[in-house]
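Scroll down for the structure; my scribbles are underneath it.
None of the figures in this text is laboratory data; all of them are computed from the coordinates on show. Fair warning: this is a prediction, and the values are worked out from it, not measured in the lab. In this analysis, Cβ positions are derived from the backbone assuming ideal geometry, glycine residues included, and neighbour counts consider all displayed protein chains.
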Amino acid sequence: MPSSAKSGLFQKLPSTDELLGQPRLRMLVEQEGHVAVAESVRAVLGNLRREIADNQLDSEKLDLALTGISASVERHLRKSLSYALRPVINATGVILHTNLGRAPLAEAVLDHIRQTALTYSNLEFDLAKGERGKRDVHVDRLFRKLFEDFGIAGQDTARTGETPVSPFSVSTIVVNNNAAAVLLALNSLAEGGEVIVSRGELVEIGGSFRIPDVMAKSQATLREVGTTNRTRIEDYEHAINERTRLLLRVHRSNFAITGFTEQPALVELVGLARRRNLPLLEDLGSGALIDLRSVGINGEPSVFDSLRAGVNLVTYSGDKLLGGPQAGIISGRADLVARLRSNSLFRALRVDKLTYAALEATLLAYVKREHDAVPALRMMRISKDEVAARAEALARQLRGNAKLSVELIDGESVIGGGAAPTATLPTRLLAVTHRDLSADELCAKLRESAPPIIARVEEGRVLLDLRTVFPEEEARVGAALQGL
């Protein structure tokens, strides 16, 4: 387009003040304020200027756009004043979907959060003594109960020259995520010294954060032993010297190494740590509080397994296999936990009352053995036949839309969230195609639904797994597809 023609199009654009003087926008100013409306006007005019500069608008198209400019400003304003964080329907079959917020919380959890948030609470107040208390007691008592139920009353407090806070007891503290838990533990127990870890366990934990980076921030020195695929107990033993402060084991919760591999059994590391009077820290990551073999998932250790084996400290996440809020949890020998609690980093990394409320309510379900009250665990327990029955019912509903082709196929759900990387759960998938839309276009249309529906595309079809769709959401999924 010639520059003279573009100049004429730019001259057609009204000024901000002209638009703000229109009756429809004057009403918006009265409702939402001058600043917010003026900002939306400038944004809409800016978009039109860019489209003219990019030759996307001619005179006719610009005139059409200008006739609806007040409506465009209003749409922009409504969007700018709405929440950016929105609920979505997860139809991917990934139970702990990191991008979708990982573990959904139970109704009882939301009730407890609401009660705690709406008024004051005894977060750091001892009601019996009438004096200041500790915020971690609210969940520590529940963790202790769970550990006692699983026969973990405490551990041998191998002497480190300190008087144990509570001999043969297990304690728990909470920080804001598992990376923070690892950082706090390493800094508290190994600052200025060496931490021995296998090369095969120097994992990246997501978002480009890596165990060596976390260790460097802790002011502890990383001492790698073994090779990527093979590490033996002798490698740890030969690396121990006068600067060694800690043995670290990192559970490979988000990937698996197969083939020509070797790593020491946990019992070997426990034995070495005891012989050399060193603490053993395990970054378990996922943090299961049940035996996952009950839902068909093998090879994923629980927190109880590690503590029962004699690991001194275990760090794990709250929003993965535990099924609660985002949190980093540290359980283990009470005297070591006390050292972590006294570190000034603990205050910097601590969680707020809402996280404690969510975690307390989630743990109560475990104490009561009401595991199906935890949504993530309930989704893991759903059988293939149950998913198939729900999928068939939805497929019958969708067959009324001539534009859609719907087929039921076998598939696999996954745990996700950097947990149980090799575990899959058999499921039945809805495979959907649209007469006028490609699979990517159909998937995009579903994301534009209210609420957005997140599915996946494979081999030219949109796949929906109802394992991760709550039953009360199925009608919305059906309505969204019917309307396309």
What full-extension length gain, to one decimal in nm, is calculated for S342 and A479 as 0.36 nm per residue of separation minus the Cα-Cα distance?
-> 43.9 nm
Treating the beta-carbon of each Lys and Arg as +1 and of each Asp and Glu as -1, no other charges, what is the dipole magnitude of segment 379-482 about its Cα centre, to the nearest 20 debye?
-> 180 debye
Estimated FRET transfer efficiency when R0 is 56 angstrom, pair L127-H34 (beta carbons, to 0.05) = 0.65
What does the charge dipole of segment 105-373 about its Cα centre add up to, to the nearest 20 debye, if the Cβ of each Lys and Arg holds +1 and the Cβ of each Asp and Glu holds -1?
-> 460 debye
Which of the lysines could be linked to K12 by a straight reach, that is with a Cα gap under 18 Å, when you skip same-chain ones fewer than 8 residues away?
-> K61
So for R0 = 30 Å, FRET eff. of D291-E392 from the Cβ-Cβ r, to 0.05, ends up at 0.40
Could you give the angle, 0 to 90 degrees to the nearest 10, between helix 23-32's Cα long axis and the longest principal axis of the Cα atoms of the chain?
-> 20 degrees
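Quick check: from the Cα gyration tensor, does segment 1-109 come out rounded (a/c under 1.5), prolate or oblate?
Verdict is oblate for segment 1-109.
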If you rank M215, M27 by fewest surrounding Cβ atoms within 10 Å, what's the result?
-> M27, M215
Anything over 32 Å Cα to Cα? Flag those among K6/K403; K6/K79; K145/K217; K145/K384; K217/K320; K217/K445, in the order listed.
-> K6/K403; K145/K217; K145/K384; K217/K445
Taking the Cα centre of the chain as origin and charging only Cβ (+1 Lys, Arg; -1 Asp, Glu), how large is the dipole, in debye to the nearest 20?
-> 520 debye
Which of R75, R333, R249 comes first, and how do the rest follow, when ranked by fewest Cβ neighbours within 10 Å?
-> R75, R249, R333
Compute the relative contact order of segment 365-484 as a whole-number percentage, counting only Cα pairs closer than 8 Å that sit 6 or more residues apart in sequence.
-> 24 percent
Report, by chain and number, residues whose modeled amide H sits under 5 Å from the one on S169, excluding near sequence neighbours (fewer than 5 apart, same chain).
-> Q155, A334
Within 10 Å of each residue's Cβ, count the other Cβ atoms and sort E473, E268 from fewest upward.
-> E268, E473
Cα extents of the chain per principal axis, largest first, Å, are 84, 51, 50
